[in-house]
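A short write-up of the structure that comes next.
The values are calculated or read from the model by the stated rules, or taken from the named source; none is laboratory data. Quantities reported herein were computed from a predicted structural model and do not represent experimental measurements. No Cβ is skipped: glycine too gets one built from the backbone with ideal geometry, and neighbour counts run over all protein chains shown. Note: areas computed on protein heavy atoms with side chains; ligands, DNA, RNA excluded. Shrake-Rupley method; radii C 1.70, N 1.55, O 1.52, S 1.80 Å.
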Amino acid sequence: MKYMVIGAGGTGGILGYKLTEGGKDVTLIARGAHLKAMQAQGLTIHKLWNGQTQTLPVRAVSEEEYDKRPDVILICVKDYSMDSVYPLIRRVSGPETVVIPILNIYGTGGRMQERLPGLLVTDGCIYVSASIEAPGVLTQHGAICRVVFGVRHQEEYRPVLKEIARDFEESGISGILSENIQRDTLQKFSYVSPIGAVGLYFNCAAGTIQQEGAPREMFRAMIREIVALAEAMDIHFEQDLVEVNLKILSDLAPEATTSMQRDIMAGKPSEIDGLIYQVVRLGQQYGVAMPQYEKVAAKLKDSL
C-alpha cells in the first residue's frame, strides 16, 4: 500500500521514518528547510533515552509535487493547521483512500469526516514524544511509539484497516486497531492534555513531574477530572488511567517537554484551546466540576 504522511515533525517524521525502515511505500509531505534537508541527507533521529543517532534516506516532497494516489493518508499536523490539508486530501484521494488523523485534539476524525464526504476518515492517536531539533533532524524523547486507530461506527469497518495495523507492526510501530476508538482517543487525551497543562502551569519538563510534589499531584488530579468527564459522556475506562499515564510519564527523558509547551514558549500558534480550554467548556456542558483545569486555564489566560 502507498502511504502519505502529511507533516514530518515529531509525529509524522517518526512514523515516516519507521514505515520507511520497515520497507513500506511512504512519502512524507513537508516544506521549507526541513524538506530540503530530508531530500539532501535523509532523516536523522536522535534517541534521547539511549543517546543513539540514526539517519535514513526517506522520500519527502512538497504537497505541490505529490502525484501519487495514496491508499492511506496519515494526518500529522497541528490542529490549528488542519484547514490547510483539506485541498491536498481532496486532490490526491481515491474512493478507497483511508484517512487517519493522528492529532492531540479529541474528536478530530468526526469533524474531518463532515468535510470529506465519500472518504473513510477514522479516528486515531499516537503515543510518541519527539520534536524537530534542526532541519532534517528529530529528537525522540522516549522509546514508545504506538498508534491507536479505528472507525467510530462498526458499519464503516473495512478489512484494509487490519492491513494497516500489520504494516505498522512490521515497521516497529505498535499498531492497535481499536474496537472503541472514542474511548481510546479520550484515554490518550487524558495523558497529553494534563501533562501539557502541568508543564505550562509550572513551566517545567517531564523530570519535575516524575518526582513527587505539586506538579505530579496536579497531573494526577487532572487525569481524574478527565475520567469524571468521560463518565458523564458515557465513556468508561477499563484501566486506572492515573497509573497508566504515570507509567508513560516515567518512560520519558527528564528533559522532555510537550509540543504545546514548546510552541507557546517560542511564540508560535498552539493547541492550547483544544487541549485545555475545551476541557473546561466540556465540563460546563456536562455539569462536571473541573477545578484543576479551571485553575490552569485562568492562569494561562492571564499570562499568555
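Couple of notes before you dig in:
- Whole-angstrom gap from region 162-192 to region 237-304, using each part's C-alpha centre: 21 Å
- The listed residues Asp240, Asp25, Asp263 rank as Asp240, Asp25, Asp263 when sorted by accessible area, largest first, using a 1.4 Å probe.
- ³J(HN,Hα), Karplus 6.51/-1.76/1.60, whole Hz, each residue of region 124-132, x for Gly, Pro: x, 8, 9, 9, 7, 10, 7, 7, 6
- When each of Lys24/Lys268; Lys47/Lys268; Lys2/Lys36; Lys36/Lys301 is checked by Cα-Cα distance, pairs over 28 Å: Lys24/Lys268; Lys36/Lys301
- Close amide H partners of Val98, meaning residues 5 or more places away or on another chain with modelled amide H under 5 Å apart, are Val72, Ile73.
- Principal-axis tilt of helix 32-41 within the chain, Cα atoms, nearest 10 degrees: 50 degrees
- Antiparallel beta bridges, as assigned by DSSP with both residues in region 81-228, represent about 60 percent of the total such bridges.
- Here the chain carries DSSP beta bridges of which approximately 35% are antiparallel, counting only pairs with both residues inside.
- Accessible surface of Arg158 - all protein chains present, 1.4 Å probe, nearest 10 Å²: 60 Å²
- Of the GluC sites (Glu not before Pro) found in region 200-304, those that fall in a DSSP loop while having at most 12 other beta-carbon atoms within 10 Å are Glu212, Glu238, Glu255.
- Net charge dipole size for region 128-220 [Lys, Arg +1 and Asp, Glu -1 on Cβ; Debye, nearest 20]: 200 debye
- Computed label-point distance, nm, for sites Glu212 and Leu300 using a 7 Å Cα→Cβ extension: 2.8 nm
- Taking a ≥ b ≥ c as the square roots of the eigenvalues of the alpha-carbon gyration tensor, region 33-153 is classed oblate because a/c is 1.5 or more while a/b is no larger than b/c.
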